[in-house]
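Following: one structure in structure tokens, then a few remarks.
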Amino acid sequence: MSLTDASAPTTTRRLSTSKAMVEAVAAEMDRDQDVFVMGEDVGAYGGIFSSTTGLLDRFGPQRVVDTPISETAFIGAAIGAAVEGMRPIAELMFADFFGVCMDQIYNHMAKIHYESGGNVRVPMVLTTAVGGGYSDGAQHSQCLWGTFAHLPGMKVVVPSSPADAKGLMTSAIRDDNPVVYMFHKGIMGLPWMAKNPRSVGPVPEEDYEVPIGKAAIARPGTDVTIATLSLSVHHALDVADELADNDIDCEVVDLRSLVPLDTDTILESVGRTGRLLVVDEDYRSFGVSGEIIARVAERDPGMLSAPPMRVAVPDVPIPYARGLEDAVLPTADRIRSAVFGVMGR
Amino acid sequence: MDTATRLDLYRMMVLIRTFEEAILREYHADKKPVFDIGAGAIPGEMHLSAGQEPVAAGVCAHLTSADAVTATHRPHHFAIAHGVDLHRMTAEIFGRVDGLGKGRGGHMHLFDPDVHFSCSGIIAEGYPPALGQAMAFQRRGTDSVAVAVTGEGAANQGAFHESLNLAALWQLPVVFVVEDNEWGISVPRSASTCVTSNADRAAGYGIPGLRVEDNSVEGVHRAAAEAVARARTGEGPSLLEVHTLRLWGHFEGDPQGYRHDLDGVPGRDPLPTYEQELRGDGVLDEATVKSVAAEAADRVEDAIAFARRSPAPDPKAAFDLVFA
Ligand SMILES: Cc1ncc(C[n+]2csc(CCOP(=O)(O)OP(=O)(O)O)c2C)c(N)n1
């Protein structure tokens, strides 16, 4: 079974995003003895953001491995295990920590297949938590997916809903390539963090894949395309619901993966609406928002009846104090003003 | 050890504990009935240092404001013991304009250049900058030293090992401090390394290594005296590991379900232990205990009141200060 549309699940069973992720990992561990999990606090703690809850009890310490704080070593180890045909899932607790281990990720995990002339595969998943909004400061609040997407050789998935979190995880584990699976803390449905209501949603019980590289129309509309990802999808949907009363019909495109990027769906949407707003919780310059606008401009700048706009983190580190952080994150307020801007109102 | 030194160590430990208890109170005050990490006057992660006071008190007793300290995600005890401005540090924890970072940094990012203090939330990444501060001191012909602090979990990180090697190679005036509280979040030391003492790792880089047991503030004071003196007199770096105690959760809100050592923990609290010892030796009496506590409470509550009075930053200020 394959889910290509976010509205496809017909189940009434509701799970949080974290439970949906864990369900996919557990099902793949049942199905395939080569799948195992390693990372900091993935065992007894169950993952700081509940990405591995219950796996240790079910699969034991051989397959759910707590590691020392040695990211270069254990992510590198995952690469080596993958090269030998296993399917490791390695967790980098926060994407912000990639600084201590990026060489293994971008010079090794991502390049081995190419450098080997396609003779060596690296079928692993690197999971990592991203995002801000709870005052965790400049070293614990970044999304940074643009950086991973910029560097060739790794797929990058960015789920926004529980159903996609499960299906994308299943696809990521089964993929023969390295997949970076970036989950926003704000969509996990954690009991200790303010929740978006959509962080709990319907999730089919059976196995299914959400194809990597296929965006979803999270809300159809006719006036403006809001291309976005992860938690920002929910802010965009909230604004879209609200603006329907102002006679602005927003279409929200949930990118679901950055590599590959579903350019066709974006172009098709912009072709219909003629207006584009990109909402991205990563830094503004040299990133996802610029890339999407470039892809539209490359195809046909004439598609746009108004200059495109973007709401992203201005090029400053993410500040701690709530008022400062709110000023830089892509909040509903900033998205709303940008929609008015792109509509010329 | 002379009475004045012992009393100073006790006073510092009490001040730190009083501060951490006040932050604990303020942090949770407006996160009830349901804990929401992003809510309240102090939002975000909060790593408190209760139980680890002996390390900071014992080491920093040998430092002046001309010496540098690089601390970790759990920085308050070292900040206080090294003389970071308590008012401005507290205001930073509250995210206010009078904070050390004008509300931009938060509790893991405290910078006080007046006393060469800094900290970082990335594990082991406070070690390398300490080398550079030590280089600057050395090249400018001062006798200042740099103290670099990490937890024992950080000793399995590359930056830790590279730093030991480089400091040894260049004979830098650095004291490496490792706070062994036995836990890296939920992962016990035994599941992180086969090395039982980081003093052994120091030997691997050709520098002296010492391990202080029992969370003893006087033990730390003695060992640090030697390490700091070596650094100051140009004899190069050393490493000091202290077997200490994380009295509370890794961060506030940590359910600690993994922690099977909690039963015995209260009895190992270094503060009542040291107080008993000093009372037994006739160094402390009831009146002094009370006055030390009152003095600490005054300072801490004054700092909290200062922080609360300080305004929240103007949101537009978020765009300033990226560059000098
Ligand atoms: C490079 C990096 N990896 C992981 C983390 C997440 N993390 C924060 S504190 C911590 C445990 C640190 O243990 P230790 O060094 O012993 O210090 P303690 O917390 O016990 O004081 C971890 C894994 C981080 N901040 N940076």
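Read-outs: derived from the displayed coordinates by stated rules, not from any lab. Just so you know, these numbers come straight off a predicted model, no measurement behind them. Virtual Cβ from ideal backbone geometry, glycine too; neighbours counted across all protein chains shown.
Can you tell me what the convex hull of the Cα atoms of region A:224-279 projects to on average, as an area in nm²?
Mean projected area for region A:224-279: 3.5 nm², to one decimal.
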For this session: Tabulate in residue order the Karplus-calculated ³J(HN,Hα) for region B:143-149, using 6.51 cos²θ - 1.76 cosθ + 1.60 with θ = phi - 60°, rounded to whole Hz; enter x for Gly and Pro.
Result: 9, 5, 10, 10, 10, 10, 10
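Per the Kirkwood formula on distinct C-alpha pairs, the Rh of region A:1-151 is how many angstrom?
Final number for the Kirkwood radius of region A:1-151 is 16.6 Å.
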Problem set entry | Options B:128, B:192, B:69, ranked by Cα towards positive dipole end of chain B, top entry (Cβ charges) | B:128
Exercise. Can you give the relative contact order of region B:3-311 as a percent, counting alpha carbon pairs under 8 Å and 6+ residues apart?
Worked result: 23
For this session: For chain A, with a Gaussian network of springs between Cα atoms less than 10 Å apart, report the residue from A:28, A:206, A:251 with the top mean-square fluctuation.
Result: A:206
Exercise. Of B:270, B:113, B:54, which is the most mobile in a GNM of chain B whose springs link Cα atoms less than 10 angstrom apart?
Worked result: B:113
Exercise. Mind listing the phi-derived Karplus ³J(HN,Hα) values for region B:228-236, rounded to whole Hz, using 6.51, -1.76 and 1.60 with θ = phi - 60°, and x for any glycine or proline?
Worked result: 5, 4, 4, 4, 5, 9, x, 8, x
For this session: Would you be so kind as to identify which of A:143, A:116, A:102 lies farthest towards the positive end of the dipole of region A:37-152, taking Lys and Arg as +1 and Asp and Glu as -1 on Cβ and the Cα centre as origin?
Result: A:116
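Name the GluC sites (Glu not before Pro) in region B:154-251 that are in a loop by DSSP and that have at most 12 other C-beta atoms within 10 Å, would you?
Filter output for region B:154-251: B:213.
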For this session: Output the antiparallel fraction of DSSP beta bridges having both residues in region A:15-202, as a percent to the nearest 5.
Result: 10
Problem set entry | residue B:256-residue B:321 pseudo-label distance in nm [points 7 Å out on the Cα-to-Cβ vector] | 3.4
For this session: Provide the per-residue ³J(HN,Hα) series for region A:319-328, in order, calculated from phi with Karplus coefficients 6.51, -1.76, 1.60 and θ = phi - 60°, each as a whole number of Hz, with x at glycine and proline positions.
Result: x, 7, 4, 4, x, 5, 5, 4, 6, 9
Exercise. How large is the dipole of region B:195-284 about the Cα centre if only Lys and Arg carry +1 and Asp and Glu carry -1, each at its Cβ, rounded to the nearest 20 debye?
Worked result: 320
Problem set entry | Among B:239, B:24, B:110, residue whose mean-square fluctuation peaks in a GNM of chain B (springs only between Cα atoms under 10 Å) | B:24
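Just tell me how shielded B:310-316 is by partners: mean number of partner chain Cβ atoms within 10 Å of each residue's Cβ, no decimals.
Other-chain Cβ atoms within 10 Å of each residue's Cβ, averaged: 4.
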Exercise. For labels at residue B:1 and residue A:297 in the simple 7 Å Cα→Cβ model, what's the distance in nm?
Worked result: 6.5
Seminar exercise, completed: In whole µm²/s, the translational diffusion coefficient that Stokes-Einstein assigns to chain B, given a Kirkwood hydrodynamic radius over C-alpha pairs, 4 °C and 1.567 mPa s, equals 64
Exercise. Given 37 °C and 0.692 mPa s, how large is the Stokes-Einstein diffusion coefficient of the protein assembly as shown in µm²/s, with Rh as the Kirkwood radius over Cα pairs?
Worked result: 125
Seminar exercise, completed: Reduced to Cα centres, the span from region A:309-325 to region B:8-39 in Å works out to 28
Seminar exercise, completed: Residues meeting the amide H criterion for residue A:253 (H placed from the backbone, H to H distance under 5 Å, 5 or more places apart or on another chain) are A:218, A:226, A:227, A:228
Exercise. Averaged over B:35-45, how many beta carbons belonging to a partner chain fall within 10 Å of each residue's beta carbon?
Worked result: 6
Problem set entry | Lys, Arg +1 and Asp, Glu -1 on Cβ, resulting dipole of chain B about Cα centre, debye, nearest 20 | 720
For this session: Between the alpha-carbon centers of region A:134-187 and region A:218-270, tell me the distance in whole angstrom.
Result: 19
Problem set entry | Computed E for residue B:143/residue A:121 - FRET, C-beta separation, R0 45 angstrom, nearest 0.05 | 0.20
Exercise. Can you give the angle from 0 to 90° between the axis of helix A:231-243 and the longest principal axis of chain A, with both taken from C-alpha atoms, to the nearest 10?
Worked result: 30
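Return the average number of partner chain Cβ atoms within 10 angstrom of each residue Cβ along peptide B:153-161.
4
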Exercise. Where nothing but the Cβ of Lys and Arg (+1) and of Asp and Glu (-1) is charged, how large is the charge dipole of the protein assembly as shown around its Cα centre, in debye to the nearest 20?
Worked result: 800
Exercise. What residues have an amide H closer than 5 Å to that of residue A:259, excluding those fewer than 5 places away on the same chain, when H is modeled at 1.01 Å from N in the peptide plane?
Worked result: A:156
For this session: Anything over 23 Å Cα to Cα? Flag those among A:19/B:31; B:102/B:316; B:31/B:316; A:166/A:195, in the order listed.
Result: A:19/B:31; B:31/B:316
Problem set entry | 16 Å cut-off, amide nitrogen to a point 7 angstrom out along residue A:206 Cα→Cβ, residues in region A:139-175 | A:167
Exercise. So what's the angle, to the nearest 10 degrees on a 0 to 90 scale, between helix A:288-299 and the longest Cα principal axis of chain A?
Worked result: 60
Exercise. What are the principal axis extents of the Cα atoms in chain A, in Å, biggest first?
Worked result: 59, 44, 43
Exercise. Quick one: Cα centre-to-centre distance for region B:227-302 and region A:106-124, in angstrom?
Worked result: 50
For this session: Calculate, for residue A:107 and residue A:57, the FRET efficiency according to 1/(1 + (r/R0)^6) with r their C-beta to C-beta distance and R0 30 Å; round to the nearest 0.05.
Result: 0.25
